[in-house]
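Reviewing the structure listed below.
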Amino acid sequence: MRSLNSGNRWVVRSGLVMAATLGLLSANTVSSAATGSTAEARSPVQMYGKVRVCGTQLCDESGKPVQLKGMSTHGTQWFAHCLTDGAMDVMAYDWKASVVRVATYAHQGGYETDPKKFTDLVSQLIERASARGMYVIVDWHMMNPGDPNLDLEKAKTFFTEIAQRYRGRNNVIYELANEPHGVSWSAVKSYSEKLIPVIRSHDPDSVIIVPTSGWSTFGASEGGNEREVVDNPVNATNIMYSFHFYSRVAREGYMEILDRASSKLPIFVTEWGTASWTGHDTDFPMSQKWVDLMAKKKIGWTNWSLSDNDRQLSVFKQGTCSAGTFSGAEALTPTGAWVRERIRS
């Protein structure tokens, strides 16, 4: 049970967050109130400004490389109750996350069932993250079918709406597709080069993340490697390429591909997990090797996932999101406790 003082702090914090969302207070004032700090803390967006690609790095407004670290949501059709103001408070002020990836599934009960509902939900989450000074990756989470070209028109509609709403914002990043598979890099490249101009026509300056083949592994999961992208990059500027891995099954060979690719291309690891992609068999030692490599190369990342399902990849224990109490060790799975420390460090 919460103490009376704890409840009062929550009332103050919630009121300040709402005020910030309405433009009445700055995000650093909210942060100070939420943490009890007497000095104003600067949020990630205040520190870095509008990020951009410079060479092979993501850089702040001044051109200094930065590493954003945070969480990816699970499907918003299933876990919207894990993405409340309370959860975002914990991400921003306790975990010190600088970025949240919002996974909008194209199928599986997601966007295609109610485009307006899911587009509005993305907007709601962008506003919550923005009020707390975090960056947002807007992820078009296509999985099946594996060819993103089959959903190109839906993707155009989705990103047009988001880009129109958030043109000029300094904290919105676009991820064109989640994990293409069973298709060639040339097909993924063609999709990307058709979709990028749609976003650029409304939001010309924001970073765009391009998917890679083989479940966003530079083809590694289907026998390829980074050379196909290095030798035939997407014809666009201010873009990055996605890379995904799950530590139990993505071993040293995958790490070597990321290491080599990140010396040639700007990369953001928009999805990775501490276990297998099935959600089981956590491997923290291997996960630490990946975290160390990403820190060394200043590769930004978002961990999968901000949810409370029954798999070991979830950072919250089952029932946490329905209960609405996200802070404290009792709310976290072993993965949650482990990832929280890596985001904070």
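Across the cross-link table entries LYS50/LYS297; LYS64/LYS96; LYS64/LYS194; LYS194/LYS297; LYS69/LYS297, which are compared at the Cα atoms, the separations over 25 Å belong to LYS64/LYS194; LYS194/LYS297. Each residue, ALA329 and GLU193, gets one label point 7 Å from its Cα in the Cβ direction; the gap between the two is 5.4 nm.
Each residue of the range 262-271 is assigned a 3J(HN,Hα), and the resulting list reads 6, 7, 10, 9, x, 10, 10, 7, 7, 7 Hz, derived from the Karplus form 6.51 cos²θ - 1.76 cosθ + 1.60 (θ = phi - 60°), x at Gly and Pro. In the chain, the sites counted are GluC sites (Glu not before Pro) in DSSP loop states with at most 15 other Cβ atoms within 10 Å, and the longest stretch holding none of them, exclusive of the sites, is 62-345.
The modelled label-to-label distance for the pair THR157/THR278, using points 7 Å beyond Cα in the direction of Cβ, is 3.7 nm. Positive-end ranking of CYS82, GLY279, ILE257 along the dipole of the chain, with charges on Cβ about the Cα centre, is headed by CYS82. Relative to the current alpha-carbon distance between ARG52 and THR84, full extension at 0.36 nm per residue lengthens the span by 8.7 nm. Length gained on full extension, THR113 to LYS298, computed as 0.36 nm times the residue gap minus the Cα-Cα distance: 62.8 nm.
Looking at the chain alone, DSSP beta bridges between its own residues are antiparallel in about 15 percent of cases. Once Rh is set to the Kirkwood radius over Cα pairs, what Stokes-Einstein translational diffusion coefficient, in µm²/s, holds for the range 164-243 at a temperature of 4 °C and a viscosity of 1.567 mPa s? D, rounded to a whole number, is 100 µm²/s. By the rule of a C-alpha distance below 13 Å, with chain neighbours fewer than 8 residues away ignored, the aspartates and glutamates paired with LYS317 are ASP308, GLU330.
Rule-based calculations on the coordinates, nothing more; no lab input. The structure presented is a predicted model; accordingly, all values stated were derived computationally and were not measured. Cβ coordinates were reconstructed from backbone atoms using ideal geometry, including for glycine residues, and neighbour counts include every protein chain displayed.
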